[in-house]
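The structure appears right after this line, and notes come after that.
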Amino acid sequence: MDPMILMDNLWIMIAFILVILMQGGFILLEAGSTRMKNAGHIAGKTIFTLGIASLVFWAVGYGFIYGDSAGGFIGLSNFFYGDYAFEGEGLSSSVDFIFQLAFAAIALTVAFGGFAERAKLSAYIIFAVLFSAIVYPIVAHWVWGAGWIGELGKQDFAGSTVVHLTGAMGALAATLLLKPRIGKYNKDGSPNELAGHNQVFTALGVLLLWVGWFGFNAGSTFGVADAFFGFVALNTQLAAAAGAVAALLIGWASLGKADVPTMLNGALAGLVAITASCAFVAPWAAVLIGVIGGLIVFYSMKFFEKKGIDDPIFALSVHGTAGVWGTLSTGFFATPELAEMNGGQAGLFYGGGLSQLGVQFISVVACGLFAFIASYILLLITKSLTGGLRVSEEEEIMG
């Protein structure tokens, strides 16, 4: 067998492990960003829902994404996946399957950011099944699985839209239905800061996510030929670095002091933003994409808080707003050479006109609206099944 084929499969298995370890990053990030009384619940929830996401993806999720397409809307084959055959060319189907499973689990974890510190365990369980079976697979099929958006030439290399925006829209639906945490807002509507209990946990969580993102983005090359994964990793590193620096500086300028959570969210915003464009843009553009991601996440967090939307983990800003920017950024900065290599067309600033930017905009609107509306409806169903999404006031106060 060709050694390069073996190397391709080994690399994707390593990338899968890196993406799964991102769940550890989310555990530390979410536990550190919330109050100590809820830390164990949040950590345990992440492990439990990883189990649910894996089982649902195996049963139906993979088939809905990559099965035979029904009109470009949803796949309808390859359910209860169990293909061990390998013909010695390309990726083993099971290696590809396990890598895709890790992405589905990340999208669900992002969505659960909107549940933090106030949702019932039963609501977590039911929504985990429904989101993993319906919301994420349909969006992923549209973009990555021979769906109608992919046919338009959508550029989303590793999932700014498919994973991050989809998860954020689930979080938005949950946040709106659950209402703010007790004590978050005063009677006049002014917000109080319910600070996380451990910034060291949060910082370590961000670092684990940062490292895991090399599996997320560079792993999406699906091979080692020409070492293109190194270029993708370079763009990923630069965008994360730029996002962290830009967020710290804008927070310092606006608040009069350096704010650690803002800086950490800036790093994550840079990572989310470059996820779509990491294989399409030059390094200088990756820096600019990260800078803009770091800036907009600061203002986005303030915007949602001012509007009475209580988002404890800042999922809406980090994964939603930055996900939108990252998706649109390829429509501005995609180079002709990289677009030819990876699909789609050159961006506006490289003579490509508005064509690719238009495709990116359509995908953001279509996927974002579908993910929000579907999640909202599924949460209403969950609410009726569980007698309410939220724990009692006494339970919330106790933790």
Cα Rg, Dmax, the stretch 83-126, angstrom units: 16.4, 50
Prolate/oblate/rounded label for the stretch 1-139 (Cα gyration tensor, a/c 1.5): oblate
Whole-percent carbon and sulfur share, accessible surface of the stretch 247-399, 1.4 Å: 70
Of the DSSP H helices in the chain, those whose Cα atoms cover at least 15 Å axially and whose Kyte score averages -0.5 or more: 3-33, 39-56, 93-111, 166-178, 199-217, 228-255, 260-277, 283-306, 322-333, 355-386
Protection proxy ranking, peptides 56-67, 161-172, average beta carbon neighbours within 10 Å, highest first: 161-172, 56-67
About the Cα centre, charge dipole magnitude for the stretch 134-191 (Lys/Arg +1, Asp/Glu -1 at Cβ), debye: 380
Mean accessible surface per residue for the chain, computed with a 1.4 Å probe while every protein chain stays in place, in Å²: 39
Highest-MSF residue in the chain out of ASN265, ASN192, ASN235 [GNM, Cα springs under 10 Å]: ASN192
Sulfur and carbon atoms: percent of accessible area, the stretch 10-100 [1.4 Å]: 71
Net dipole in debye of the chain [+1 Lys, Arg Cβ; -1 Asp, Glu Cβ; about Cα centre; nearest 20]: 1440
Peptides 218-230, 139-151 ordered by average Cβ neighbours within 10 Å, highest first: 139-151, 218-230
Heavy atoms of TYR299: accessible area, 1.4 Å probe, square angstrom to 10: 130
Above-threshold pairs, the threshold being 24 Å between Cα atoms, out of LYS37/LYS257; LYS154/LYS307; LYS154/LYS302; LYS184/LYS302; LYS187/LYS302; LYS120/LYS184: LYS37/LYS257; LYS154/LYS307; LYS154/LYS302
Those aspartates and glutamates that a straight Cα-Cα span of less than 17 Å connects to LYS45, excepting residues fewer than 8 apart in one chain: GLU30, GLU117, GLU395, GLU396
Additional length obtainable on full extension of the chain from LEU234 to LYS302, 0.36 nm per residue less Cα span: 21.4 nm
Cα-based shape type of the stretch 1-68, given that a ≥ b ≥ c are square roots of the gyration tensor eigenvalues and the cut on a/c is 1.5: oblate
Amide hydrogen neighbours beyond the local backbone of ALA70, cut-off 5 Å, H modeled: GLY75, LEU76
Long-range HN-HN contacts of ALA119 with modeled amide H, under 5 Å: VAL391
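The values are calculated or read from the model by the stated rules, or taken from the named source; none is laboratory data. Note that the coordinates shown come from a computational prediction; the quantities given were computed from them, not determined experimentally. All Cβ positions, glycine included, derive from the backbone under ideal geometry; neighbour counts span all protein chains shown. Side chains are part of the model used for accessible areas, which takes the heavy atoms of the whole protein and leaves out ligands, DNA and RNA. Shrake-Rupley method; radii C 1.70, N 1.55, O 1.52, S 1.80 Å.
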